[in-house]
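Each reported figure results from applying straightforward, stated rules to the coordinates on display, with no laboratory input. Bear in mind the structure is a predicted one, so any value in this text is a computation, not a measurement.
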C-alpha cells in the first residue's frame with residue numbers, strides 16, 4: 001500500500017477556517033446517519049474535508065470524516081476508495097488519544113476489505129487489531145462490526161457453527177439499524193450452508209427491519225438474500241420481484257456490491273429457466289463490475305457462469321476463452 005496522501009479537499013484553499021466544535025458536530029451527524037441516508041452522510045463528511053484547518057495538517061476531524069467515507073465506500077464496493085480513505089484516517093487516529101472506537105471501526109473496515117480480496121489472514125489480523133484497540137470500551141456498533149467480520153473469517157474456514165455463535169453474540173448487543181444488519185449476516189451464512197428455511201427467516205427479518213429502520217445500506221443486500229432463498233426454493237417469480245426492487249435501490253444508491261449479488265441471482269434464475277441469452281447479459285454485466293471493483297470471489301462466480309452459459313448457447317470459442325479466463329482467476333487466487 002502506498003503512503004497515504006494528506007486528507008484534503010480541492011476547495012480547502014478557499015473554504016472557511018474550521019473550528020473543531022463545528023467539524024465535530026458535522027462529523028457526528030454524518031456518522032449517525034450513515035445507515036439511513038448514504039448520500040447525505042457522504043456529503044457531510046466531504047464538507048468536513050473541505051474546511052480549512054488552522055495549521056493545514058490533517059487532524060482528528062478530517063480523519064473522522066475519512067472514516068465515514070471509507071465506511072460508505074466499503075459497503076458500496078469501492079474497495080480502493082475505502083482503503084485509501086481508511087489508511088489516511090488510520091494514520092491520524094492511531095496517534096490521537098481517546099479514539100479507541102473510531103480506530104477499531106477502521107480495523108473492521110480493513111477486515112472486510114481483506115476478506116473481499118481473499119486475504120483471510122490479513123482480515124484476521126485486522127479483527128484482532130480492532131478488538132485490541134477497543135479494549136474494554138463498550139461501543140456496541142463497533143464491536144458488532146468486528147464480530148461480523150470475525151464470523152465471515154470463521155465461515156471461510158468452514159467453522160459454520162462458530163460463525164453462527166459469533167453472530168448471535170453480535171445480535172445480543174445489537175439495536176436499531178444494527179439488528180437487520182446481523183440478521184442479514186445470519187441469512188447469508190445459512191444460505192451458503194444450504195439451510196434455506198433458517199436463511200429465509202433471517203433474510204425476511206433483515207428485510208423488514210431494514211425497511212422499518214430506513215436502513216438503506218442493508219436493504220438491497222437483504223433483498224438479494226431473500227431472492228436467493230426463493231430461487232433455491234423454486235419460487236422464481238417471488239425471487240424476480242425482490243431482485244427488481246433490489247437492483248432499483250442498488251443503482252439509485254450507487255451500491256455496486258449489492259448489485260453484484262442481485263445480478264448473479266438474476267443470471268442464475270434465467271439460466272435455470274433456459275433463458276440463456278438473458279443469463280449471459282446479466283453475467284457479462286456482473287463480470288465487468290467484479291473486474292472493475294477487483295472482487296476475486298465474484299469474478300470467479302461470474303467467470304464460471306459466463307463459461308457455462310456460452311457453452312449452453314453453443315458459443316464454443318467464447319466458452320473456451322471464458323474457461324481459460326476462469327482458470328487464470330483460480331490460479332491467481334492460489335498464488
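Bin width 5 Å, origin at 0, all Cα-Cα pairs of the stretch 279-335: what percent of pairs per bin? Each 5 Å bin holds this share of Cα pairs: 4, 23, 30, 25, 12, 4, 1.
Between 283, 151, 136, the Gaussian network model of the chain with springs among Cα atoms under 10 angstrom shows the greatest mean-square fluctuation at 136. Give the distance, in whole Å, between the Cα centre of the stretch 192-224 and the Cα centre of the stretch 64-90. The two parts, judged by their Cα centres, are 24 Å apart. With everything on Cα atoms, drop me the angle between helix 236-253 and the longest principal axis of the chain, reported from 0 to 90° to the nearest 10. With both axes taken from Cα atoms, the answer is about 30 degrees. Just checking the listed ones, 300, 43, 181: in the Gaussian network model of the chain with Cα springs under 10 Å, the one fluctuating most is 43.
To the nearest 10 degrees, how steep is helix 140-156 against the longest Cα principal axis of the chain, on a 0 to 90 scale? Taking the Cα atoms of the chain, the angle to 140-156 is about 30 degrees. GNM remark for the chain: springs join alpha carbons under 10 Å apart, and the peak mean-square fluctuation among 173, 153, 289 falls on 173. Each Cα pair under 8 Å and six or more residues apart adds its sequence gap; the mean of these over the residue count of the chain is a relative contact order of 11 percent. With contacts taken as Cα pairs under 8 Å and at least 6 residues apart, the stretch 279-335 reaches a relative contact order of 31 percent. Axis angle, to the nearest 10 degrees, between helix 79-93 and the longest C-alpha principal axis of the chain: 20 degrees. Shape index of the stretch 86-142: Rg/Rh, with Rg the Cα radius of gyration and Rh the Kirkwood radius from the inverse mean 1/r over Cα pairs, equals 0.97.
Here the stretch 264-311 has an Rg and Dmax of 9.8, 29 Å, counting Cα atoms alone.
Would you work out if the chain is rounded, prolate or oblate? Take a ≥ b ≥ c from the square roots of the eigenvalues of the alpha-carbon gyration tensor; rounded if a/c is under 1.5, else prolate when a/b is larger than b/c, oblate otherwise. Prolate. Which shape class, rounded, prolate or oblate, goes with the stretch 108-182 when its Cα gyration tensor gives a ≥ b ≥ c as root eigenvalues, a/c under 1.5 marks rounded, and past that a/b bigger than b/c marks prolate? Oblate.
An ellipsoid equivalent to the stretch 201-329, defined through the eigenvalues of its Cα gyration tensor, has semi-axes of 27, 16, 10 Å when rounded to whole angstrom and sorted largest first.
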